[in-house]
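See structure below.
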Amino acid sequence: MPNTGPESTTHDEAATAESKERRVCPECGSEDLVEDPDTGELVCRECGLVIEEARVERGPEWRAYSAEEREEKSRVGAPTTPLRHDRGLTTEIDWRDRDAYGRALSPARREQLERMREWQRRLRAQGRERSLRYALGEIQRMSSALDLPRSTREEAATLFRRAHERGFLPGRSVEAVASSALYAACRREGIPRSLDAVSNVSRVDRDEVARTYRRLVRELELGIAPYDPAGFVPQIVSELDLGDRVERRAVEIIRETAAQDLTSGKSPKGFAAAAVYLAARLCDEHATQRDVAAVADVAEVTIRDRYHEQAHALGIEY
DNA sequence: ATGGTTTTTACTGCGTC
DNA sequence: GACGCGGTAAAAACCAT
């Protein structure tokens, strides 16, 4: 990494020293962690697990107080992104037969250039990159359809890369792995999108996404927590045109009931739907079970069961 | 594959507008 | 009579083993 000004080194040291404190290896529990001087990765001395990948500063350096300073301190090139199959770092060969000064090239040079272009075309199209490009394209497409924030897209892209590097793809469809990576990214970031929602915009069917997702979670050892039901509330509320009084009440219901007992094993969406139904009822903004069930995509029976439990837990009787 | 749990499907009865 | 709600039994889906 070029261009590390004096301010930034002290800044970095402070940051890493801070985070190296009281970090334990999730694998073996050892506190003996070292930072690899070459790669910048945080590695466990006991078992060799890489706990943290190298952190790369992507933005411009520090702060700039004037135009000249900004020029001086900014890094070269665009920020890297996991969303581009080459992280935005490949060589681009211009299509114009001009040199850097805009002069025409000699015939020999032109021929050489032509050959180089051909090479690059081949390299790019080839196996390894092809599936990556396809997958990342699909991740973008599905993400747009699902209105996912950029961070989630990047997470999905990174997960796909890891799977790819682990040799997870052979024997599976790229599309299925891409879809699973996307769903996993949503889960990891707590962005409420159901498996159904994801498989609806995927080109492979729900069962395959589910199956692949499970395997992917095992393969990459992703610890995935269940969704917080409250995350589903805003969507349901807005689709039913209920006020935010209802929304707040529903979240309250979830907080109070989830704390004491059973969300475990229950579908978070069903739980949220029930809370919305109950909240609407308490706020005199009636929504029918049928409508709530329809927009939340759960069965009416589930709403009944959940909201009875919630009402009971809150000491309300019907 | 298996078994336990949760969700869905389908159907029925009751009260109200 | 249609609608909202509640209950139930059986099938399907899910999940850990």
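The values are calculated or read from the model by the stated rules, or taken from the named source; none is laboratory data. Treat the numbers as computed from the prediction; the structure is a model and nothing was measured. Cβ sites come from the backbone with ideal geometry, for glycine too, and all protein chains shown count toward neighbours.
Determine whether A:Thr263 is assigned to a loop (DSSP other than H, G, I, E, B), within 28 Å of A:Ala313 (Cβ to Cβ) and either within 11 Å of DNA strand C (Cβ to nearest atom) or of a type outside the set (Lys, Arg) (or both). Spelling it out, A:Thr263 is indeed assigned to a loop (DSSP other than H, G, I, E, B), within 28 Å of A:Ala313 (Cβ to Cβ) and either within 11 Å of DNA strand C (Cβ to nearest atom) or of a type outside the set (Lys, Arg) (or both).
Would you check which residues across the range A:128-163 are crowded, with 17+ Cβ neighbours inside 10 Å, among the aliphatic types (A, V, I, L, M) and in a helix (DSSP H, G or I) and list them? Within the range A:128-163, A:Leu132, A:Ala135, A:Leu136, A:Ile139, A:Met142, A:Leu146, A:Ala156, A:Ala157, A:Leu159, A:Ala163 qualify. Just one of the numbered conditions (1) closer than 21 Å to A:Leu148 by Cβ; (2) at pLDDT 95 or above; (3) surrounded by fewer than 23 Cβ atoms within 10 Å (Cβ to Cβ); (4) more than 16 Å from DNA strand B (Cβ to nearest atom) is not true of A:Ser199: (4).
For the range A:171-196, a residue qualifies if it is among the small types (Gly, Ala, Ser), away from DNA strand B (no atom under 16 Å from the Cβ) and crowded, with 16+ Cβ neighbours inside 10 Å, and the qualifying residues are A:Ala176, A:Ala178, A:Ser179, A:Ser180, A:Ala181, A:Ala184, A:Ala185. It is to be established whether one or more residues within the range A:291-300 are touching a Phe, Trp or Tyr at 6+ places or on another chain (Cβ under 8 Å), within 13 Å of DNA strand C (Cβ to nearest atom) and at pLDDT 95 or above. Yes.
Apart from one condition, A:Val246 fits all of (1) on the phi < 0 side of the Ramachandran plot; (2) not assigned by TED's automatic domain parsing to the domain that holds A:Ala287; the exception is (2). When the residues of the range A:266-287 are narrowed to those that are within 11 Å of DNA strand C (Cβ to nearest atom) and of a type outside the set (Lys, Arg), which ends up surrounded by the most Cβ atoms within 10 Å (Cβ to Cβ)? Result: A:Ala274. Scanning the range A:242-252 for residues that are among the β-branched types (Val, Ile, Thr) and under 11 Å from A:Leu282 (Cα atoms) yields a single hit, A:Val246.
Taking (1) at pLDDT 95 or above; (2) within 13 Å of DNA strand B (Cβ to nearest atom); (3) not polar (S, T, N, Q) in turn, A:His286 satisfies each apart from (1).
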